[in-house]
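The values are calculated or read from the model by the stated rules, or taken from the named source; none is laboratory data. Note that the coordinates shown come from a computational prediction; the quantities given were computed from them, not determined experimentally. Cβ coordinates were reconstructed from backbone atoms using ideal geometry, including for glycine residues, and neighbour counts include every protein chain displayed.
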Amino acid sequence: MSLEFLNPSAPLRDWDNAHVWHPFTPMSAYVKESAPIITGGEGFDLIDSSGRRYLDGISSLWCNVHGHRVPEIDEAVIQQVRSISHSTLLGLSGEPSIRLAKGLVDRAPAGLTRVFYSDSGATTVEVALKMAYQYHRQKPGGPEDRDTFLCVGNAYHGDTLGTVSVGGIDLFHRCYRHLLFSTVTTPSPVALRVPEGHTRQSWLQHCFDEVSRLIQTNHTRLAGVVMEPIVQGAAGILVHPVGYLKHVRDLCTHYDVPLIADEVAVGFGRTGRLFACEHEEVAPDFLCLAKGITGGYLPLGATLTTDKIFEAFLGDPWEGRTFYHGHTYTGNALGCAAGLASLELFEKKNILANVTACADIISRKLATLNVHPHVAEIRQKGLMVGIELVQDRELLTPFASQIRLGHQVILAARERGVIIRPLGDVIVLMPAPGMPPQLVEHLCDVTIECIDLVTRKVAASL
Ligand SMILES: *Cc1c(COP(=O)(O)O)cnc(C)c1O
């Protein structure tokens, strides 16, 4: 065996193209692109192997909170390495996991008192689905065989088969349909394009009525309702109308169906509150947290739930009511240590006030795109932004998919030292909640310039 992988002057680009299969990445195009190989970070910059700096405009895929190489988080992780990096939570405990559970419960909506750790966003939703399903089989008052979930159209909850089952993004999910369990889907309450015969207003009303109808009709079968509160991220940053989350919460309460709030993307400050459910004073029965939980340092997830759910799993060990689910790295000590340091920084640096200030800057800056001939809609909640580009603004005709317009825009931004990543032709901005206002302004300026440049160039060539 050779130790060639240690070679200091390794041909990293060749090895990347030869060996690394990148997620959500069309590999045949990727290998021709010489994408930056990131070797460092500092503050809100990423630094590549040639020393070039890029502003991290998508929080390293929606998870970074306070920047990179944050002294306080670095120190917390290093201190933890010096104690222990990992031991198991299966029948044992660990100090940072206990402290973080307390920190999360103290900050989460009322009633969420129990924390089940795992290691990614998908696993937190997977855990909630299995817990909710098992809950009905063991709950006081007699078992119920509830066998499906209600989910929202265009939802994204992760890439494991359970979370794909409750997902609704055709491009990602259709291939696996025979492997999935069946669900009840209610239309996403958004109204850029509405079905024949509807106005925007009547369509949104229909979405409110439809979720009422579906929960009423199916409540005896529904093990839970799963949704991304306030903003559906991967669907293209779809911002729900005010009151929708509360409406669903009220229905769940009325029909006694647990509400699973997937705050993997929206949690930890991105919408302007620590948790998005706070906008409508909603307490879900399950709260799924990942991405920002460690400040963007390490893979960690947490599913919070109530005493009511937890107690249905109690009983003598031989009764078989235990939740038989776990991952080897569940509640990893380094991740929890990073999470604790990140929570402390939220308060010390008044991160939520920064989010509000930066969100205002973004809406003011992007207002110049409101009349742009290729911008269909600008959607924003806090620091989550989606700018949908179209060939024809009036007819909302998309650009042909072969053009990869969104991709061209982000390549232009990369040339200008800014890293962003689109969802199709929706340009996504997701600055870290701790990003200083001047950097957020720069991110907006570069994005506006690139959108204008690329759409005009492409439109002229059609
Ligand atoms: C990213 C995301 C997930 C999946 O998280 P992973 O850590 O990538 O598994 C789940 N739900 C939502 C809303 C997300 O944005």
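Assorted remarks:
- Filtered residue count, the range 133-176, keeping only those that are closer than 20 Å to Thr303 by Cβ, buried (at least 19 other Cβ atoms within 10 Å of the Cβ) and within 16 Å of the ligand (Cβ to nearest atom): 13
- Filter pass, Thr183 being exposed (fewer than 15 other Cβ atoms within 10 Å of the Cβ) and of a type in the set (Val, Ile, Thr): no
- Exclusive hit being modelled with pLDDT under 95, over 20 Å from the mean Cα position of the chain (by Cα) and part of a helix (DSSP H, G or I), set Cys252, Cys175: Cys175
- With respect to (1) surrounded by 21 or more Cβ atoms within 10 Å (Cβ to Cβ); (2) without any contact (Cβ under 8 Å) to a residue 40 or more places away in the chain; (3) away from the ligand (no atom under 15 Å from the Cβ), the lone exception for Thr253 is condition (1).
- Residue, nearest to Ala413 (Cα to Cα), within the range 5-42, restricted to residues that are hydroxyl-bearing (Ser, Thr, Tyr) and in a loop (DSSP other than H, G, I, E, B): Ser34
- There is at least one residue in the range 319-330 that is assigned to a helix (DSSP H, G or I) and free of Cβ contacts under 8 Å to residues at least 12 places away in the same chain.
- Each residue in the range 206-244 was checked for being farther than 25 Å from Arg137 by Cα, more than 16 Å from the ligand (Cβ to nearest atom) and of a type in the set (A, V, I, L, M), and 1 of them qualify.
- Pro437, sole failed condition from (1) in contact with a helix residue (DSSP H, G or I) (Cβ under 7 Å, 6 or more places away or on another chain); (2) over 25 Å from Pro71 (Cα atoms); (3) not hydrophobic (A, V, I, L, M, F, W, C): (2)
- In the range 137-164, the residues that are in contact (Cβ under 8 Å) with a residue 60 or more places away in the chain and more than 18 Å from Leu259 (Cβ to Cβ) form Cβ pairs under 7 Å with partners that are part of a strand (DSSP E or B) and within 13 Å of the ligand (Cβ to nearest atom), at six or more places apart or across chains, as follows: Asn154/Gln232; Asn154/Leu238.
- The range 52-66, residues that are more than 16 Å from the ligand (Cβ to nearest atom), surrounded by fewer than 23 Cβ atoms within 10 Å (Cβ to Cβ) and under 16 Å from Leu429 (Cα atoms): Tyr54, Leu55
- Pair list, Cβ < 6 Å and 6+ apart or interchain, from the range 417-432 residues that are modelled with pLDDT of 95 or more to residues that are acidic (Asp, Glu): Ile419/Asp56; Val426/Glu388
- When residues of the range 359-407 are limited to those that are of a type in the set (Asp, Glu) and farther than 19 Å from Val440 by Cβ, the one surrounded by the fewest Cβ atoms within 10 Å (Cβ to Cβ): Glu394
- Matching residues, the range 279-297, being part of a loop (DSSP other than H, G, I, E, B), within 13 Å of the ligand (Cβ to nearest atom) and of a type in the set (A, V, I, L, M, F, W, C): Ala290
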